[in-house]
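**Student:** Submitted below is the structure of interest, expressed as structure tokens.
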Amino acid sequence: MKKLSPPKIEEICDLSSFHESHEEEILELTKMLSKRGRDLWIQTSLADELRKQQVGDNVSFVINQNINFTNYCIGSCRFCSFRTDEKNDNVTAFRMTLDDIKIEAEKAIARGCTEVCLQGGLDSELNFDYYLGILRTIRKTSPKLHIHAFSPAEIAYISQISGETVEEVLRELKNNGLDSMPGTAAEILVDDVRKIICPEKISTKQWVNIVLTAHQLGLKTTSTMMYGHIESHKDEAEHLVLLKYIQDISGGFTEFVPLPFVHDKTILYRYLGARPGSTGMHDLALFSTARLYLGEVIPNIQASWVKLGPKFAQLSLNTGVNDLGGTLFVESITKSAGGQFGEEKPIEEFIDLIRDAKRIPIQRDTLYNILQSH
């Protein structure tokens with residue numbers, strides 16, 4: 001395959017002096033993320049109280065379904081065991097047809113989903129028409145189903161294979177049914193870290209500008225962080241400060257989702273010295289720091305039950321978290337890396353976990369509109 005040209009991304013914000021102008025914030029957050037013992041429990045209590053002030057006692061979840069439409073990928077992310085190529089005999093390769101997508105959308109509707117979430121590998125056999133076809137197929141199947149699709153890395157790839165700018169790509173996707181985007185592919189928004197964990201992936205600057213372009217066009221996104229591998233607390237602090245900076249500019253993030261590194265089957269852990277994921281104290285320090293620092297501008301802090309497990313996700317509700325994500329029904333990416341907590345969470349289990357935490361279960365849509373209280 002011929003070498004692709006870089007994606008065509010308009011520069012909306014200049015990050016050249018970002019770290020210097022936010023040095024004090026980064027230092028303070030580094031201290032917060034490093035807290036352990038009694039100091040951490042004080043911090044989690046403060047975060048829990050602030051959560052109550054900012055969003056009350058509701059704990060939300062969404063009835064959604066993942067569709068991972070291909071695992072062929074030209075990328076080389078060292079934390080990923082989902083991707084494959086023609087030479088990999090250890091992973092079963094797949095690429096969905098539009099008929100397959102239609103069947104998955106019909107399953108989502110039958111399950112009562114309000115959202116489908118679509119992400120896939122950067123597949124060299126796909127063209128822009130395929131991505132547009134996905135949207136048209138789902139929209140034809142259901143005019144109401146919210147389509148949450150295509151990470152910033154996928155948007156950059158579509159720009160490369162189509163020759164269109166990121167803004168042009170996003171406009172066409174939106175016109176064909178895209179409602180919002182996952183803010184994944186962020187990993188750690190520090191280029192020195194990215195050079196090790198995902199050397200060929202979009203840079204921090206590219207990620208930021210793609211997300212801001214989406215926000216300018218009215219496409220909301222999530223914000224995420226993958227942590228617990230080779231990054232330092234300072235790197236995590238820089239990431240959080242950058243997310244707040246973006247939110248202050250655009251207001252386009254719907255939530256913040258910390259994603260603990262699932263290590264077991266990854267090159268990053270087996271050969272490159274990564275830690276075996278986060279510790280429990282690390283998780284609680286990050287959740288509480290996120291609430292205390294981001295809560296005013298990103299009020300929804302989500303715990304990933306797929307990566308943390310349902311028990312620990314429930315525990316996180318006492319540290320600033322107010323959302324438990326979605327039902328998923330299908331989950332391939334975490335599972336392929338060695339995830340142990342399954343692919344589906346029935347509504348009744350969400351309700352039981354939330355009530356047991358003395359909180360109020362709320363079914364929401366993708367954009368955090370309340371649909372039903374349980």
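The values are calculated or read from the model by the stated rules, or taken from the named source; none is laboratory data. For clarity, every value in this text was computed on a predicted model and none was experimentally measured. Positions of Cβ are generated from backbone atoms using ideal geometry, with glycine treated the same way; all protein chains shown enter the neighbour counts.
**Student:** Go through segment 284-313 and count every residue that is free of Cβ contacts under 8 Å to residues at least 40 places away in the same chain and in a helix (DSSP H, G or I).
**Tutor:** 3
**Student:** Identify, by number, the condition in (1) in contact (Cβ under 8 Å) with a residue 24 or more places away in the chain; (2) in contact with a helix residue (DSSP H, G or I) (Cβ under 9 Å, 6 or more places away or on another chain) that Asp191 doesn't meet.
**Tutor:** (1)
**Student:** Please pick out the residue among Thr221, Thr254 that is surrounded by fewer than 24 Cβ atoms within 10 Å (Cβ to Cβ), of a type in the set (Ser, Thr, Tyr) and outside any loop (DSSP other than H, G, I, E, B).
**Tutor:** Thr254
**Student:** Enumerate the pairs (first residue in segment 55-83 and within 17 Å of Leu328 (Cα to Cα) and assigned to a loop (DSSP other than H, G, I, E, B); second residue anywhere and at pLDDT below 90 and of a type in the set (Phe, Trp, Tyr)) with beta-carbon separation below 7 Å, excluding pairs fewer than 6 apart on the same chain, so at least 6 apart or on different chains.
**Tutor:** none
**Student:** Suppose we filter Ser34, Ser45 for residues that are out of contact with any His (no Cβ under 8 Å at 6 or more places or on another chain) and either of a type outside the set (D, E, K, R) or farther than 24 Å from Thr254 by Cα (or both); which single one remains?
**Tutor:** When all the criteria are applied, what remains is Ser45.
**Student:** Could you run through segment 263-282 and say how many residues are touching a strand residue (DSSP E or B) at 6+ places or on another chain (Cβ under 9 Å) and not polar (S, T, N, Q)?
**Tutor:** Result for segment 263-282: 2.
So that you can scan it fast, the table gives a plain yes or no per residue for (1) surrounded by 13 or more Cβ atoms within 10 Å (Cβ to Cβ); (2) of a type in the set (Asp, Glu); (3) at pLDDT 95 or above:
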position: Pro6; (1), (2), (3): no, no, no
position: Glu10; (1), (2), (3): no, yes, no
position: Glu23; (1), (2), (3): no, yes, yes
position: Ile26; (1), (2), (3): yes, no, yes
position: Leu29; (1), (2), (3): yes, no, yes
position: Ser34; (1), (2), (3): yes, no, yes
position: Gln43; (1), (2), (3): yes, no, yes
position: Val55; (1), (2), (3): yes, no, yes
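**Student:** A further question follows. Given (1) buried (at least 20 other Cβ atoms within 10 Å of the Cβ); (2) under 28 Å from Ser17 (Cα atoms); (3) touching a helix residue (DSSP H, G or I) at 6+ places or on another chain (Cβ under 9 Å); (4) not aromatic (Phe, Trp, Tyr), identify the lone condition not met by Leu284.
**Tutor:** (2)
**Student:** Restricting attention to segment 177-207, which residues are farther than 24 Å from Gly325 by Cβ and either assigned to a helix (DSSP H, G or I) or touching a Gly at 6+ places or on another chain (Cβ under 9 Å) (or both)?
**Tutor:** Asp191, Asp192, Val193, Arg194, Lys195, Ile196, Glu200, Thr204, Lys205, Gln206
**Student:** Looking only at segment 104-128, filter to residues that are in contact with a helix residue (DSSP H, G or I) (Cβ under 9 Å, 6 or more places away or on another chain) and in a helix (DSSP H, G or I); which one of those is surrounded by the most Cβ atoms within 10 Å (Cβ to Cβ)?
**Tutor:** Among residues in segment 104-128 that are in contact with a helix residue (DSSP H, G or I) (Cβ under 9 Å, 6 or more places away or on another chain) and in a helix (DSSP H, G or I), the one surrounded by the most Cβ atoms within 10 Å (Cβ to Cβ) is Ala108.
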